[in-house]
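*Asks:* Handing you this structure, nothing more for now.
The values are calculated or read from the model by the stated rules, or taken from the named source; none is laboratory data. All figures in this text were calculated on a predicted structure; none of them were measured in a lab. Virtual Cβ from ideal backbone geometry, glycine too; neighbours counted across all protein chains shown.
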Amino acid sequence: MSLLDEIRGAVASANTPEMLAVRFRHEGIFTKTQNGREREYPCRFSVRDPVKGSRDQIAAAEAFATSQSVAFRDVRELRVHPDHTRPPEGAVLTTPWDGGRLEVRSWSQPSDFTGQALALCVLRR
């Protein structure tokens, strides 16, 4: 078995329904208005404060905060359940999050291994 096969096996074992329920334990609806029409994006998701990440993740979040002219403390990472539609850039969570509005600002490319993408969001207070 190659290293690639081992990684794919580990990813598959982490994507069981039970594990996905733990990883994506929040549920909500993001909305985006475009051309006068509001669209809803219901999904299960997880949100993380980048301060708890690696040095590279913190540096990326700091650069993002600078580019968006927001405080670093208001940047959050969003991951959406693989079976659900990702909310587009500009979508906002309809329920308050951590004392503010969670707004999706940028999506990464999907991972080669997991197919998961990471969104950088701004917490508007």
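*Asks:* Condition (residue is loosely packed, with under 13 Cβ neighbours inside 10 Å, within 24 Å of ALA91 (Cβ to Cβ) and modelled with pLDDT under 90) applied to the stretch 43-51: is it met by at least one residue?
*Replies:* yes
*Asks:* Collect the residues in the stretch 102-125 that are free of Cβ contacts under 8 Å to residues at least 24 places away in the same chain and in a strand (DSSP E or B), keeping them in residue-number order.
*Replies:* Within the stretch 102-125, GLU103, TRP107 meet the criteria.
*Asks:* Which of the residues spanning the stretch 105-120 are closer than 18 Å to ASP83 by Cβ and in contact with a Phe, Trp or Tyr (Cβ under 7 Å, 6 or more places away or on another chain)?
*Replies:* ALA117, ALA119
To keep it simple, each residue is scored yes or no on (1) of a type in the set (Phe, Trp, Tyr); (2) within 15 Å of LEU102 (Cα to Cα); (3) out of contact with any Asp or Glu (no Cβ under 7 Å at 6 or more places or on another chain).
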site	(1), (2), (3)
PHE45	yes, yes, yes
ARG55	no, no, yes
ALA63	no, no, yes
SER67	no, no, yes
PHE72	yes, yes, no
ARG76	no, yes, no
VAL80	no, yes, yes
HIS84	no, no, yes
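*Asks:* Test of understanding: among ALA59, ALA21, which residue is at pLDDT 90 or above, over 19 Å from ARG124 (Cα atoms) and part of a helix (DSSP H, G or I)?
*Replies:* Residue meeting the stated conditions: ALA59.
*Asks:* A further question on this structure: One residue is enough: does the stretch 31-40 have a residue meeting the conditions surrounded by 14 or more Cβ atoms within 10 Å (Cβ to Cβ), at pLDDT below 95 and outside any helix (DSSP H, G or I)?
*Replies:* Checked the stretch 31-40: no residue is surrounded by 14 or more Cβ atoms within 10 Å (Cβ to Cβ), at pLDDT below 95 and outside any helix (DSSP H, G or I).
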